[in-house]
Amino acid sequence: EVGSEGGAKAGEGEDTVVVDIWRCEMCNKVFKSEGQHKSHMRSKKHKEMEKEMERQRKRMERAAKKAEAAKR
């Protein structure tokens with residue numbers, strides 16, 4: 001799935017701070033908690049974005065096939 005959990009580190013040595021960041025690359029959103037991220041992944045806006053991205057992917061596939069057929 002699009003969301004990912006990361007351990008972004010700030011600083012070095014004894015002062016190292018680990019910050020958990022949850023993000024949705026598809027929607028270009030960053031969350032401070034896993035709960036916010038999970039809620040977003042179930043949201044109407046995220047699901048609409050998934051559908052739109054799938055439509056775009058299919059359009060690009062059709063265009064690529066059409067371009068390939070035109071070369072022949």
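Taking label positions 7 Å along the Cα-Cβ direction at both Lys58 and Thr16, the computed distance is 4.7 nm, reported to one decimal. For segment 16-72, what class follows from the C-alpha gyration tensor (a ≥ b ≥ c being the square roots of its eigenvalues): rounded when a/c is under 1.5, otherwise prolate if a/b is larger than b/c, else oblate? Oblate shape, in that a/c is at least 1.5 and b/c is the bigger or equal ratio.
The numbers here are math on the coordinates, done by the rules we state, and not lab data. Just so it is clear, the model here is predicted, and its values are computed rather than measured. Neighbour counts run over all protein chains shown; Cβ positions are idealised from the backbone, glycine included.
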